[in-house]
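Okay, structure first, notes after.
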Amino acid sequence: MQVKRSHLFHIINPAPWPLLTSISLFNVLVGVILWVNKYLIALNIMVFSFIILVLFVQFWFTDIIRESSFEGKHKKRSLIYDF
């Protein structure tokens with residue numbers, strides 16, 4: 001007989017958004033460093049990486065809201081800690 005344990009937190013499925021967001025943030029940092037050192041391509045790298053960063057964060061929050069609202073995986077109290 002199995003004992004079901006209930007707790008406040010939801011163990012999430014693996015998602016690509018944390019890794020992709022951190023890589024994009026690193027690319028923004030590289031763009032800033034190149035811009036400070038006056039490389040011509042730096043502004044292109046920085047702007048493109050920032051746009052990708054905003055998209056990845058939006059996709060990540062969309063997944064959290066979808067899991068909470070439609071799939072019922074998050075409780076209201078634990079949703080505050082997820083952000």
Query raised in the report: Simple spin-label model, 7 Å along Cα-to-Cβ: Asn37 to Phe70 in nm?
Result: 4.5 nm
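Could you calculate the contour length gain from Ala15 to Phe59, that is, 0.36 nm times the residue separation minus the distance between their Cα atoms, to one decimal place in nm? All intermediate terms of the calculation are to be shown ahead of the outcome.
Values: separation 44, 0.36 × 44 = 15.84 nm, distance 1.06 nm.
Additional length available on full extension: 14.8 nm.
The numbers here are math on the coordinates, done by the rules we state, and not lab data. All of these numbers come straight from a predicted model, not from anything done at the bench. Using ideal geometry, Cβ is built from the backbone for each residue, glycine included, and neighbour counts are taken over all protein chains shown.
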